[in-house]
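Scroll down for the structure; my scribbles are underneath it.
The values are calculated or read from the model by the stated rules, or taken from the named source; none is laboratory data. Quick caveat, the model's predicted, so the values are computed rather than measured. Because the Cβ atoms are built from the backbone with ideal geometry, glycine has one as well, and the counts that use them run over all protein chains shown. We work out accessible area using only protein heavy atoms, side chains counted, and drop any ligands, DNA or RNA first. Shrake-Rupley method; radii C 1.70, N 1.55, O 1.52, S 1.80 Å.
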Amino acid sequence: MGRKQNKRTSRRRAVAMVKRADKHDLYQRAVQEPDADIPLIQRIFRSQFSRPARTLREDFCGTALLACRWVEKSSENRAWGIDLDPNPLEWGRVHNVGKLRPDQAARIKLIEGDVLDIGHKSVDVTVAFNFSYFLFRERASLLNYLTRAYSTLNSEGALILDAYGGADAQRTIEETREVDDDFDYVWDQHRFDPIHHHVTNFIHFEFSDGSRMKRAFHYDWRLWSIPEIRELLQEAGFYASEVYWEGTDRKTGEGNDIFSRREQAPDDPAWICYIAGFRRS
Ligand SMILES: C[S@@+](CC[C@H](N)C(=O)[O-])C[C@H]1O[C@@H](n2cnc3c(N)ncnc32)[C@H](O)[C@@H]1O
């Protein structure tokens with residue numbers, strides 16, 4: 001086979017690889033870790049209220065993977081997932097809710113709507129993960145979200161958020177990570193504005209044949225700091241907030257996926273943490 005034909009064949013295969021890929025499946029495999037998140041949620045909740053959380057609201061739920069895992073964990077667990085976009089919700093109904101047993105599926109409700117508007121039975125825990133609430137770029141709009149989240153919690157309740165930061169978060173860089181020996185996940189910090197702390201980030205996916213799903217996800221956020229978030233939690237009514245910081249693997253010097261409550265943390269160029277606000281009223 002001549003070189004030209006070789007090229008044509010590999011190009012055909014390249015098109016086929018990205019065409020076969022499903023961006024929601026790639027996102028879930030690259031980004032989400034519900035089996036690590038749920039024990040942490042329970043540990044945080046139990047530390048305050050000495051009992052397990054049973055009802056969960058997943059704000060900005062996308063495909064609602066976390067909410068689905070939640071109802072799988074116990075027959076006492078119920079979940080609500082809320083997202084504005086019907087597309088990930090429908091994907092989640094088919095691929096995540098669709099895999100649950102009927103009694104589990106009956107304990108989850110996916111709602112298409114704005115997290116600011118949706119009212120339902122109050123819950124033990126609300127989570128907003130993968131920094132989704134960073135889309136509120138003004139102080140007043142983030143405070144409004146936190147106040148509404150507070151109002152949908154039970155009298156003993158927790159709002160759990162994640163956050164990222166460090167010097168590397170304030171740079172335009174791309175970071176590539178291989179997932180499942182199958183594809184590359186690329187986190188593209190495309191823009192950082194030091195005046196407003198506005199960031200534009202993309203997620204791309206790359207395949208072994210050289211094909212690429214460029215800008216599969218696009219985020220225009222404000223990079224909020226931990227003290228700003230905690231001050232706003234307090235203004236929204238939460239009586240206390242705590243920060244759960246990732247430990248360090250002694251061998252690699254990298255994060256070890258174990259998050260513990262901390263009052264202080266060492267300097268780190270690229271950190272992720274969890275912030276919990278507590279309601280007791
Ligand atoms: C970063 S994804 C989060 C996916 C998921 N929570 C996770 O942990 O990976 C952000 C999601 O927020 C949704 N969204 C944006 N604004 C929203 C709003 N005001 N109310 C509800 N959902 C919203 C988008 O449609 C998108 O699916």
Practice task
Looking at (1) away from the ligand (no atom under 16 Å from the Cβ); (2) out of contact with any Gly (no Cβ under 9 Å at 6 or more places or on another chain), find the lone condition where G119 falls short.
Solution key: (1)
Practice task
Pull up segment 229-255, narrow it to residues that are touching a residue at least 24 places away in the same chain (Cβ under 8 Å), in a helix (DSSP H, G or I) and under 23 Å from P266 (Cβ atoms), then point me to the one that is most open to solvent (accessible area, probe 1.4 Å).
Solution key: R230
Exercise for the section: Of the numbered conditions (1) away from the ligand (no atom under 16 Å from the Cβ); (2) buried (at least 16 other Cβ atoms within 10 Å of the Cβ); (3) in a strand (DSSP E or B), R191 fails exactly one; give the number of that condition. Expected result: (2)
Problem - Count - residues of segment 33-86 that are in contact with an Asp or Glu (Cβ under 6 Å, 6 or more places away or on another chain), more than 9 Å from the ligand (Cβ to nearest atom) and either open to solvent by less than 20 Å² (accessible area, probe 1.4 Å) or modelled with pLDDT under 95 (or both) - result: 4
Practice task
Sort out which residues of segment 122-145 are open to solvent by 50 Å² or more (accessible area, probe 1.4 Å), within 13 Å of the ligand (Cβ to nearest atom), out of contact with any Leu (no Cβ under 8 Å at 6 or more places or on another chain) and of a type outside the set (A, V, I, L, M, F, W, C), and write them in order of number.
Solution key: R137
Completion exercise
Scanning segment 156-188 residue by residue, the ones that are among the hydroxyl-bearing types (S, T, Y) and open to solvent by 60 Å² or more (accessible area, probe 1.4 Å) total 2
Practice task
For segment 97-118, state whether one or more residues are polar (S, T, N, Q), surrounded by 14 or more Cβ atoms within 10 Å (Cβ to Cβ) and in contact with a Leu (Cβ under 6 Å, 6 or more places away or on another chain).
Solution key: no
Exercise for the section: May I ask you to list pairs of residues, at least six apart or on different chains, whose Cβ atoms are under 6 Å apart, with the first in segment 118-130 being modelled with pLDDT under 95 and the second being within 16 Å of the ligand (Cβ to nearest atom) and outside any loop (DSSP other than H, G, I, E, B)? Expected result: I118/I82; I118/I111; H120/W80
Fill in the blank from the handout: Among the residues of segment 31-85, the number that are of a type in the set (G, A, S) and under 30 Å from W187 (Cα atoms) is 6
Problem - Residue among L66, L135, L56, L110 that alone is in contact with a Pro (Cβ under 9 Å, 6 or more places away or on another chain), in contact (Cβ under 8 Å) with a residue 40 or more places away in the chain and not acidic (D, E) - result: L66
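Out of all the residues in segment 59-71, is one or more within 20 Å of D162 (Cβ to Cβ), out of contact with any strand residue (DSSP E or B) (no Cβ under 7 Å at 6 or more places or on another chain) and hydroxyl-bearing (S, T, Y)? Lay out the reasoning, then the answer.
Step one: filter segment 59-71 for residues within 20 Å of D162 (Cβ to Cβ), giving 59-70.
Pick out the ones that are also out of contact with any strand residue (DSSP E or B) (no Cβ under 7 Å at 6 or more places or on another chain) and you get 63, 65, 69.
Remaining after also requiring hydroxyl-bearing (S, T, Y): 63.
There is at least one residue in segment 59-71 that is within 20 Å of D162 (Cβ to Cβ), out of contact with any strand residue (DSSP E or B) (no Cβ under 7 Å at 6 or more places or on another chain) and hydroxyl-bearing (S, T, Y).
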Handout entry: segment 34-58, residues that are within 19 Å of L161 (Cβ to Cβ) and part of a loop (DSSP other than H, G, I, E, B)
Key = A53
